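Student: Once you've had a glance at the structure underneath, I'll fire off some questions.
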C-alpha cells in the first residue's frame with residue numbers, strides 16, 4: 001500500500017470501508033487503482049496545459065489580428081448573411097456615423113441614408129450568390145457635409161462577409177476637379193474641333209477660290225497676250241490673203257490660155273492651118289506676156305507658202321487652246337523644252353519686238369508634270385521678262401540638269417528687282433506693274449504650281465542689270 | 001451566537017432528532033433542501049413547530065451542505081440565536097425574469113435601514129435575471145450595506161425552484177433577511193477558479209439574459225458542438241462550459257452559466273445579463289484550481305471579518321462546480337473548513353447563482369461558478 005494515496009481514493013475507501021481497514025488481499029488492487037487515478041490526473045493536467053498554451057497562442061494571434069485590424073484607417077465590418085453586424089471597427093474619427101456605442105446587432109444596410117440602402121442589400125445578395133467581391137459607392141450627410149464612401153464586400157466564410165468602408169471624399173473631390181478640368185478641356189477640344197472644321201471649310205473655300213484665281217489669272221494672261229496672238233495669226237492670214245489674190249490672177253491667166261487651146265483645137269479640126277498658125281502665134285505672145293513659166297513656178301511657191309502659214313495659225317490656235325482650257329490634274333511624262341517651245345509660240349509676238357530670244361537647251365531627262373500648269377509658269381516668267389525690258393534687250397531661256405532637278409533659267413536684261421521686294425514678289429496681289437498690267441497673282445500662282453511639282457523658284461536680280469528666275473523641277 | 005444544526009436524510013430522518021419541546025429562542029433558521037423535500041408540508045410543519053418564533057430563510061438546492069458533507073435529497077437545517085442582533089425577513093414575488101430590476105428595487109425599498117448591518121438574499125433560481133435583481137436591490141440600499149446570497153437550485157433538473165416566504169417554500173419568490181445591530185460582524189468572499197480557453201467571441205444577438213448568437217452563430221449549436229454526447233444533458237451539462245464575460249471597455253470579467261435552453265428558438269437563458277457586444281470566452285475547470293478557489297473564498301471571508309474565528313459560515317457554491325468535482329465535491333467544503341477551523345458551523349447549498357461583491361468594498365454582483373461564503377460572528 002502506497003503511502004501516497006490519491007485524495008479521491010482515500011475518500012472513497014473511507015466512504016465504503018469506513019474506519020475498518022480493508023483486507024490485505026485488496027492491497028495490490030488498491031495500489032493499481034491509486035496509480036491509475038494519478039495517471040489520469042497527470043494525463044488530464046497535460047491536456048489542460050496544452051489547451052492552456054494553445055488558447056494563449058490563439059488569443060495572442062487574435063490580439064495581433066485585432067491590432068492589424070485596428071490599424072486600418074478604413075471602417076471594417078464583419079456581417080452575417082442578413083447584414084447583421086457581428087463585429088466592427090471605426091476608421092477615422094471624422095467618419096463616425098454614430099457618436100458612440102456599438103453597432104453590433106444592427107444591420108449594415110440601416111446605417112447609410114435610405115438612398116444607399118438598396119445598394120447595400122443588393123451587394124450583400126451579390127456576395128452571397130457569387131462568392132466574389134462586390135463594391136459600391138454611396139454618400140452620406142455627416143456634420144452637414146456630404147461625405148463619400150466606398151464599400152467593398154468580401155466573402156469571408158459561408159455565412160460571413162467582411163465589409164470595408166473607406167472614406168473617399170478627398171478622392172471624389174480630386175475626381176470632381178479632374179472631371180471639371182476634363183469637361184473644360186472637352187469643351188475647348190470641341191471648340192478647337194469646330195474651329196478646325198471652320199478652318200478646313202475656309203481652306204476649302206480658299207482652295208476653290210485659288211483654283212478660280214489660277215484660272216482667271218490664266219485667262220488674264222491670255223487677255224494680255226491676245227493682241228500679240230492676234231498679230232501672230234494676222235501675219236500669215238495677210239500673206240495667205242495676198243497669195244490668194246496672186247493665185248486668183250494666175251487662175252484667170254490659166255483660163256485664157258485654156259480657152260486659146262480650145263480655139264486652136266477647133267481650127268485644126270476644121271483643117272484651117274492658117275488660122276491655127278496665127279492662133280499659136282497669139283498664144284505664144286500671150287504666154288510671153290503673162291510669163292507663164294514663172295506663173296507655173298510661183299503657183300507652187302504660193303501654195304507651199306500658204307500651207308506653211310495655215311500650219312502656223314493652226315499651231316498657235318492649238319497652243320492657245322491647250323493653255324486656256326480648264327486643266328485636269330493629270331501628270332504626263334514630257335520634255336520641259338517642248339513645254340517651253342509651245343509657250344514661246346504663244347508669247348512670240350510679245351517678245352520679238354523688244355527682245356532677242358536666245359534658247360540654249362541642255363540634255364534634260366523627261367519629267368513628270370502637268371504641262372499646262374508649267375506652261376502658265378513660263379508664260380508668267382516670259383511676260384514678266386518682256387515687261388521688265390524697257391526698250392530692247394535679250395531674253396535667254398536655258399535648260400539644264402542640276403542633281404535631281406531639271407532647271408529652267410529665264411534670264412532677262414531688264415530693269416531688275418529691288419532686294420527688299422524679293423520676299424514679297426511671291427505674295428498674292430503684290431505687283432509693281434501699273435494698274436491694268438498685272439493681277440499681282442502671276443508669280444504667287446507660279447510659285448504654288450512649282451511647289452506642287454516638288455520644286456521651287458529662285459530669284460537672282462540686280463537693279464539695272466536684269467533678273468534670272470530659275471525654275472527647279474524635281475526629276476522624281 | 002448560538003447555533004444548532006440538523007440534517008434530514010432519507011434513511012435515518014432528522015439527525016439529531018427534534019426534541020418534543022419547541023425552541024422559542026432561535027431567531028433565524030436556514031433551511032436548504034431538495035425541491036421534492038421542501039414541498040413536503042409535513043416536514044415543513046415539523047420545522048416550524050420546532051422553532052415557533054424563528055424567521056425561516058431557505059430554498060431548494062442542487063445539493064445541500066451540512067458541515068463538510070455534501071448531499072442530495074436531504075435537508076440541511078441551521079438554527080441561529082443572536083445575542084445582540086435582530087433579524088427581519090422580507091419577500092417579494094416575481095412573475096417574469098424581465099421584471100427583475102423592478103422587483104429588486106421593490107425588495108430594497110421594503111428593507112428597513114435603521115441599524116441594518118447586512119442583507120442576505122435568496123432568489124428563485126430560474127425565473128429571474130440575477131444581474132438585474134442585484135442591481136435593483138443595491139440601488140435602494142445605502143452603499144455601505146453589504147448584500148450576499150444566492151439563487152435557489154433544483155438539482156440538475158432546472159425545473160422548479162423554491163424560496164421560503166412567510167415560512168413556506170414557494171415558487172417565484174425572492175426573500176431577504178435584514179440583520180440589525182452593531183455587534184454583528186459579517187465577512188464574505190467569492191472565488192471561482194475557472195480558466196478561460198479558446199477564442200474570444202462576440203455576443204451578436206441577445207435580449208436581457210437570453211443569448212441567441214455568438215459571432216453570428218447559434219450559441220446553442222456551439223455548446224452542442226463542444227459538449228458532444230453530453231449535449232443530451234443540457235442545460236445542466238452547459239455548466240461544464242461557463243462563459244467568461246467582459247465588456248469591451250476592460251471591465252473585470254464575470255462568469256455566466258446556463259439556466260435553461262429553448263430548442264424552439266435556439267436560445268439559452270443565463271443567470272445574468274448577456275449584453276450584445278460583450279466578449280465571451282468558454283471556461284473550463286481544473287479540480288485543484290476549483291478547490292483552491294473555495295479555499296481562497298474562505299480566506300477572503302475570514303480576512304474580511306477581521307480574523308475572528310466565525311461562528312457561522314453560509315456556503316453558496318455553484319451547481320457547475322458540483323457537476324465537475326462529482327465525487328470530490330466535499331474536498332472544496334473541506335478546504336473551507338481547513339481555513340475557518342473546526343469551531344465554525346458550516347451550512348449552505350449548491351446554487352444557480354451566487355450574490356456577493358467579488359472583493360470587500362466592491363459592488364455586489366451576481367456570480368456563477370463560484371464558491372461564495374458569508375461568515376457571521378458577534379462580538
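Student: If you project the alpha carbons of chain A onto the principal axes, what extent comes out on each, in Å, largest first?
Tutor: Ordered largest first, chain A gives principal extents of 215, 59, 47 Å.
Student: Another question about this same structure. Treating only the Cα positions of segment B:217-272 as identical point scatterers, give the base-10 log of I(q)/I(0) from the Debye formula at each q in 0.15 Å⁻¹.
Tutor: Result of the Debye calculation: -0.44.
Student: When 1/r is averaged over all different Cα pairs and the result inverted, which Kirkwood radius in Å belongs to segment A:299-433?
Tutor: This gives a value of 16.8 Å.
Student: If one takes the longest principal axis of the Cα atoms in chain A, at what angle in degrees, from 0 to 90 and to the nearest 10, does the Cα axis of helix A:442-452 lie?
Tutor: The two axes meet at around 50 degrees.
Student: Here is a further query. List the residues of segment A:354-398 whose backbone N lies under 14 Å from a point placed 7 Å from the Cα of residue A:432 along the Cα-to-Cβ direction.
Tutor: Only A:384-390 pass the distance filter.
Student: Same structure again: Suppose we keep just the alpha-carbon trace of the protein assembly as shown; what are its Rg and Dmax in angstrom?
Tutor: 66.4, 226
Student: Residue A:29 versus residue B:343, label points 7 Å from Cα toward the beta carbon: distance in nm?
Tutor: So the label points at residue A:29 and residue B:343 sit 4.6 nm apart.
Student: Further question on the same structure: So between residue A:118 and residue A:57, what do we pick up on full extension, going 0.36 nm a residue minus the alpha carbon distance?
Tutor: Stretched fully, the residue A:118-residue A:57 segment lengthens by 17.8 nm.
Student: Starting from the Kirkwood radius over alpha-carbon pairs of chain B, derive D by Stokes-Einstein at 4 °C in a medium of 1.567 mPa s and give it in µm² s⁻¹.
Tutor: 64 µm²/s
Student: Using only alpha carbon pairs under 8 Å that are at least six residues apart, calculate the relative contact order of chain A and give it in whole percent.
Tutor: In percent, rounded to a whole number, it is 8.
Student: Mind pulling the angle between the C-alpha long axis of helix A:169-270 and the longest principal axis of chain A? Nearest 10 degrees, somewhere in 0 to 90.
Tutor: Once rounded, one gets 20 degrees.
Student: While we're on this one: Can you compute the FRET efficiency between residue A:256 and residue A:353 using 1/(1 + (r/R0)^6), with r the Cβ-Cβ distance and R0 = 41 Å? Round to the nearest 0.05.
Tutor: E(calc), rounded to 0.05, equals 0.40.
Student: For residue B:72 and residue B:24, compute 0.36 nm times the residue count separating them, minus their Cα-Cα distance, and round to one decimal in nm.
Tutor: Length difference between fully extended and current span is 14.4 nm.
Student: Can you give the FRET efficiency to the nearest 0.05 for residue B:288 and residue B:45, using r as the Cβ-Cβ distance and R₀ = 35 Å?
Tutor: Once the sixth-power term is evaluated, E becomes 0.20.
Student: If you take the beta carbon distance between residue A:212 and residue A:266 as r and set R0 to 56 Å, what does 1/(1 + (r/R0)^6) give as a FRET efficiency, to the nearest 0.05?
Tutor: With R0 = 56 Å, the Cβ-Cβ based efficiency is 0.15.
Student: Percent antiparallel among DSSP beta bridges with both residues in segment B:260-379, to the nearest 5?
Tutor: 65 percent
Student: Can I ask one more? For segment B:1-138, what proportion of DSSP beta bridges, expressed in % and rounded to the nearest 5, is antiparallel?
Tutor: 75 percent
Student: Count, for each residue of A:42-49, the Cβ atoms from other chains sitting within 10 Å of its Cβ, then give me the mean as a whole number.
Tutor: Shielding by partners across A:42-49 averages 2.
Student: So in the protein assembly as shown, what percent of DSSP beta bridges are antiparallel if you round to the nearest 5?
Tutor: Beta bridges within the protein assembly as shown, antiparallel portion: roughly 85 percent.
Student: So what is the 222 nm mean residue ellipticity for chain A from helices alone, if each DSSP H run of at least 4 adds -39500 (n - 2.57) and you divide by all residues, rounding to the nearest 500 deg cm²/dmol?
Tutor: Counting only the DSSP helices, I get -20500 deg cm²/dmol.
Student: Give me the inter-chain shielding for B:319-328: mean count of other chain Cβ atoms within 10 Å, whole number please.
Tutor: Averaged over the peptide's residues, the number is 1.
Student: Would you mind giving the mean number of other chain beta-carbons within 10 Å of the Cβ of each residue in B:198-207, as a whole number?
Tutor: Taking the mean over all residues of the peptide, I get 4.
Student: Quickly estimate the mean residue ellipticity at 222 nm for chain B, helices only: each DSSP H run with n ≥ 4 gives -39500 (n - 2.57), and the total goes over all residues, rounded to 500.
Tutor: Roughly -6500 deg cm²/dmol at 222 nm, from the helical runs in chain B.
Student: Which three lengths, in whole Å and largest first, does segment B:22-134 cover when its Cα atoms are put on their principal axes?
Tutor: 38, 34, 27
Student: Which shape class applies to segment A:226-285: rounded if a/c is under 1.5, otherwise prolate when a/b exceeds b/c and oblate if not, where a ≥ b ≥ c are the square roots of the Cα gyration tensor eigenvalues?
Tutor: Prolate, because a/c is 1.5 or more and a/b exceeds b/c.
Student: Return one number: the angle in degrees, 0 to 90 and rounded to the nearest 10, between the long axis of the Cα atoms of helix B:329-340 and the longest principal axis of the Cα atoms of chain B.
Tutor: 60 degrees
Student: While we're on this one: Give, as ranges by residue number, the residues of segment B:166-192 whose backbone N falls under 17 Å from the point 7 Å along Cα→Cβ of residue B:144.
Tutor: B:179-187
Student: Continuing with this model, one more query. Highest mean first, how do B:55-63, B:10-18, B:279-287 rank when packing is the count of other Cβ atoms within 10 Å averaged over residues?
Tutor: Final packing ranking: B:55-63, B:279-287, B:10-18.
Readers should treat all values here as calculations from the given coordinates under stated rules, not as data from a laboratory. These numbers come from a predicted model, not from an experiment. Glycine also receives a Cβ, built like all others from the backbone with ideal geometry; neighbour counts cover every protein chain displayed.
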